[in-house]
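What follows is a single structure, written as structure tokens, with notes after it.
The values are calculated or read from the model by the stated rules, or taken from the named source; none is laboratory data. Note that the coordinates shown come from a computational prediction; the quantities given were computed from them, not determined experimentally. Glycine gets a Cβ as well: all are built from the backbone with ideal geometry, and neighbour counts include every protein chain shown.
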Amino acid sequence: MNLRLAQKVGTMPDATISPAGMRIIKLLVGNPPQTVNELINASGVTRTAVTEQLTELADKGYIERNRDQLPGRGRPRHLYKATPAALCLLFPTNQRLLVPALWKALYELADQGLVQEIVGHVSRQLSDHYRRQITAKKPKERLRQFVAILGAEGGVLDVVDEDDGQTLVYRRSCPFISMFDGRGTVCQIDQEILNAVVGRPVRRLESRHDGAPCCRFRIAP
């Protein structure tokens with residue numbers, strides 16, 4: 001069967017932070033917002049070096065810049081603060097331990113009915129989150145917008161149109177990989193979100209947990 005590559009999203013945001021950038025993050029995390037001068041004094045490096053790091057960190061979403069108007073007629077200044085993403089950046093190993101531990105505790109302490117209810121609730125919340133960002137009406141256009149949103153978040157997906165009108169989605173990255181425990185319950189979230197956002201029946205054809213390179217879905221025409 002001839003396949004036409006309709007859309008490919010494969011660019012992940014660069015999460016690599018230089019040692020100099022990490023020093024700036026550590027100066028901002030848990031502290032009140034700071035000015036460039038305060039960061040220069042605290043870090044002991046030049047203004048150029050600090051401003052370059054602030055620009056890079058802001059582009060990657062690890063810091064925010066806000067304008068602060070001083071009393072009187074003085075020029076406004078800019079204050080910088082760390083975002084929640086910066087907190088996660090400081091403890092990546094902890095995040096990889098905490099999420100699986102919480103998921104394991106859920107399975108051990110709750111019955112299967114409650115687990116399914118929680119998974120359904122999470123699926124609905126995430127579906128609502130993405131549906132609010134999608135403006136297209138037709139399913140294929142909605143899928144394109146959804147894939148673009150996931151790509152901006154760091155997802156890696158391929159979308160391929162088949163000759164019979166059906167569409168294949170190759171989910172090459174997985175946001176729930178740390179939560180997989182062998183049962184596959186968490187995999188329902190991905191499928192239910194696709195179904196709800198696109199508005200068409202979705203079938204999982206392959207799973208990375210069964211030996212496939214990635215999870216593959218088919219969306220009915």
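Structure above, values below:
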item	result
Test for Ala101: is it exposed (fewer than 12 other Cβ atoms within 10 Å of the Cβ), without any contact (Cβ under 8 Å) to a residue 12 or more places away in the chain, farther than 17 Å from Gln188 by Cα and among the aliphatic types (A, V, I, L, M)	yes
Of all residues making up the stretch 51-99, the number that are at pLDDT below 80 and not basic (Lys, Arg)	18
Gly113 more than 30 Å from Tyr62 (Cα to Cα) and exposed (fewer than 12 other Cβ atoms within 10 Å of the Cβ)	yes
Flag if Ile193 is touching a residue at least 40 places away in the same chain (Cβ under 8 Å) and within 27 Å of Lys60 (Cβ to Cβ)	yes
Yes/no for Leu194 being aliphatic (A, V, I, L, M), exposed (fewer than 12 other Cβ atoms within 10 Å of the Cβ) and in a helix (DSSP H, G or I)	no
Hey, Pro139 closer than 28 Å to Arg183 by Cβ and touching a residue at least 40 places away in the same chain (Cβ under 8 Å) or not	no
Residue count for the stretch 172-217, restricted to those that are of a type in the set (Phe, Trp, Tyr) and over 23 Å from Gln145 (Cα atoms)	1
First in the stretch 40-52 and within 16 Å of Ile25 (Cβ to Cβ) and outside the structural domain of Leu27 (by TED's automatic domain parsing), second anywhere and among the polar types (S, T, N, Q) and part of a helix (DSSP H, G or I), Cβ under 8 Å, 6 or more apart	none
Among the candidates Glu162, Glu153, Glu141, residue that is under 16 Å from the mean Cα position of the chain (by Cα), surrounded by fewer than 17 Cβ atoms within 10 Å (Cβ to Cβ) and either hydrophobic (A, V, I, L, M, F, W, C) or closer than 24 Å to Cys214 by Cα (or both)	Glu153
